[in-house]
Each structure stands twice: as structure tokens, then as C-alpha cells.
DNA sequence: ACAAATTCGTTCGTATACAAACAAGTTAAG
DNA sequence: CTTAACTTGTTTGTATACGAACGAATTTGT
């Protein structure tokens, strides 16, 4: 086995990185009007699901580490899309919930979330999509 | 279709992001001793393939935009792993090549590149791996 | 009850990732 | 031949992403 056998374009890590670049580009184009990034949209959607959720738990649910989560909640909070409440039972916790403008923006945007998923999967047949999703979940 | 139907954990974009997080974690663990990031390793491998390559072309080959490429070549260059040459025919171009230490580090590391790929794909059967790679290339 | 371990959120530093605007050099169109 | 269009690389600004270290609060183990 020599170095010449290493083909970058066949390495799963490289392909995953490129696939995510395409997915992000599709998202960015579709969500330009909302001013939301993929992670911000994910955070809003999860807060909506949970009703109220602590910052670290939100990070676990959206696959962001605490340092990353801080930046995301800061920016969403500055835009008035989410609001914090101090937890009385556990004074370390910051509980987040959607504001009315946040809920309204999410309601207006979530349909485009489906459109993004559809566009990313467009090159695949319905059968291939199911297979791909299954395998992708397996390696996650 | 209501907002409640949007399940983050089923969206391709989210799954891709998590899959890449896992892939990066596996790479980082395996490459800790080399002090190389995935993109830096990709750049080294592609420079090795090309022998000599301009900065922008290297970016296209490794899927990095010019601004990102600059940072990567800067860091590799500071570590003495790659060296620049001014192109006489096109004075805008910076041509990059591996230094001897860069070639030596790559030679020592590339085997771990295969190991990373293998570990990422470990949850899949050989048949599933082939399918997954094929579909992943399709959506890229 | 109390020390140890854990959890929560913050901060700092480093590394992608990319939009946008730019200067300088090269190529294409007329 | 000359202007327009394009390419190359740089810079700035914003947004993940995460390791590491930290203080404060809570839970666990004994």
C-alpha cells in the first residue's frame, strides 16, 4: 500500500464534508429571507418542540457543544427570537423559550425546512432516499 | 402540515452535520499525534498528488473556498510542511509543493487516513458501505 | 453531614467556512 | 489594440465547532 493509493475523493470524511457544504448552500439560499442559519433554525425548532429547555440540554438535542450553543442562543436572543428565564429549582440553568416573534418566524419558515430536505435529496430516487437515510443514521 | 411535523432528527441536513461531527472526531483522535486537521491532511494529500499546484486550484480540488484555503496554506507553510514558488508565467499565482518534512509527515500519516475511513464506516456491512458511498457521491 | 464527582454555563484560543469587496494580473471580444 | 470580463489571491466580518480550563451549583457516595 503506497501513498498513491490514498484517493481523497473516495474517503468518506471528504465526501461527508462536501455533502454538507452542498446541504448548507441549499439551506442558505432557501433561508436567505429569514436570516437564519441551519443551526439557528435547528435551535428554534427544538425549543418549539420542548416548550422550554435549558441551554445545555438544547445543545444536546441539536448536537452543539456548550461553547457553540452559547453563541447561537446569544444571537437568537439578541434578535428577540428567544427569551431566557432563570430556573428557580436549579440556579445554574438558563431556560429558553420562543418569543412571539420567534414563534411567528418559525411558523413562516418551517415549510422551507421541508423544501431544503427535498432539494438535498433530489438526486436520489424515493427508494434511494430511504436507503440513504437509514445508512446515514447508522453511521451517526 | 403543521410545525409539529418537522422532526429535526429526520432532516438530512441535520443527519449530515452529525455524521460529519462523528467523522471529524474519529479523525481528530487518530491524527492527534500528527497535529493535522482533516482539511490540512486533505491539502497535503492533494499537493502530493499534483506535485505542484496553485493555491486556488488546490482549493477547488479539496473543496475549500479561497479565503479558507489561505488559512490552511498559511498554517501548513508556517509549520514548514509546504513551500511556495512564484509562478513566472502567471504572476498572480502561488504554486505550492511539499517540503521534505511535509512529504515525510504525509508518508507516516496516510495509513491512518485509511484507518479513519474504516472506523467511520464500521457500523455498516461491506455491502452497505458500497451503497452508502454511491449514494453519498450522488448527492454531492 | 460532607467530601467527591458531576453538571451548567462561560471564556479563551484555534480552525474551518463562506459572503463580500478589493487590487493586480491575464484572457477574451470587438 | 484596447477595453471588458475573468481569474488569482487577500482582507474583513460573521458563524459554527470544539478543546481546555474555570467558577458556581447540584448530586452522589459513604
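Quick note: the coordinates plus some simple rules give every number you see, no bench work behind them. The shown structure was predicted, so the numbers you read here are calculated from the model rather than taken from an experiment. Methodologically, a virtual Cβ is constructed for each residue, glycine included, from the backbone with ideal geometry; neighbour enumeration extends over all protein chains shown.
Does residue B:60 qualify as being surrounded by 11 or more Cβ atoms within 10 Å (Cβ to Cβ) and more than 10 Å from DNA strand D (Cβ to nearest atom)?
It is false that residue B:60 is surrounded by 11 or more Cβ atoms within 10 Å (Cβ to Cβ) and more than 10 Å from DNA strand D (Cβ to nearest atom).
From B:67, B:45, grab the single residue that is within 27 Å of residue A:10 (Cβ to Cβ) and crowded, with 21+ Cβ neighbours inside 10 Å.
B:45
When the residues of segment A:1-42 are filtered to those that are more than 30 Å from residue B:50 (Cα to Cα) and under 11 Å from the mean Cα position of the chain (by Cα), which remaining residue is surrounded by the fewest Cβ atoms within 10 Å (Cβ to Cβ)?
Among those residues, the one meeting the criterion is A:37.
Looking for whichever is away from every other protein chain (no Cβ under 14 Å), farther than 20 Å from residue A:12 by Cβ and within 15 Å of DNA strand C (Cβ to nearest atom) here; the options are B:81, B:58. Which one fits?
B:81
So, in segment A:87-140, of the ones that are within 11 Å of another protein chain (Cβ to nearest Cβ) and part of a loop (DSSP other than H, G, I, E, B), which residue ends up nearest to residue A:12 (Cα to Cα)?
My answer is A:139.
Which one of the conditions (1) at positive phi; (2) more than 12 Å from DNA strand C (Cβ to nearest atom); (3) buried (at least 17 other Cβ atoms within 10 Å of the Cβ) does residue B:120 fail to meet, given that it meets all the rest?
In the conditions (1) at positive phi; (2) more than 12 Å from DNA strand C (Cβ to nearest atom); (3) buried (at least 17 other Cβ atoms within 10 Å of the Cβ), residue B:120 misses (1) alone.
Might you check whether a residue that is within 14 Å of DNA strand C (Cβ to nearest atom), in a helix (DSSP H, G or I) and away from every other protein chain (no Cβ under 14 Å) occurs anywhere in segment B:26-46?
No; the residues of segment B:26-46 include none that is within 14 Å of DNA strand C (Cβ to nearest atom), in a helix (DSSP H, G or I) and away from every other protein chain (no Cβ under 14 Å).
Which ones in segment B:71-83 are within 11 Å of DNA strand D (Cβ to nearest atom) and loosely packed, with under 15 Cβ neighbours inside 10 Å?
B:71, B:74
One residue is enough: does segment A:65-78 have a residue meeting the conditions more than 16 Å from DNA strand C (Cβ to nearest atom) and touching a strand residue (DSSP E or B) at 6+ places or on another chain (Cβ under 6 Å)?
Scanning segment A:65-78, I find no residue that is more than 16 Å from DNA strand C (Cβ to nearest atom) and touching a strand residue (DSSP E or B) at 6+ places or on another chain (Cβ under 6 Å), so the answer is no.
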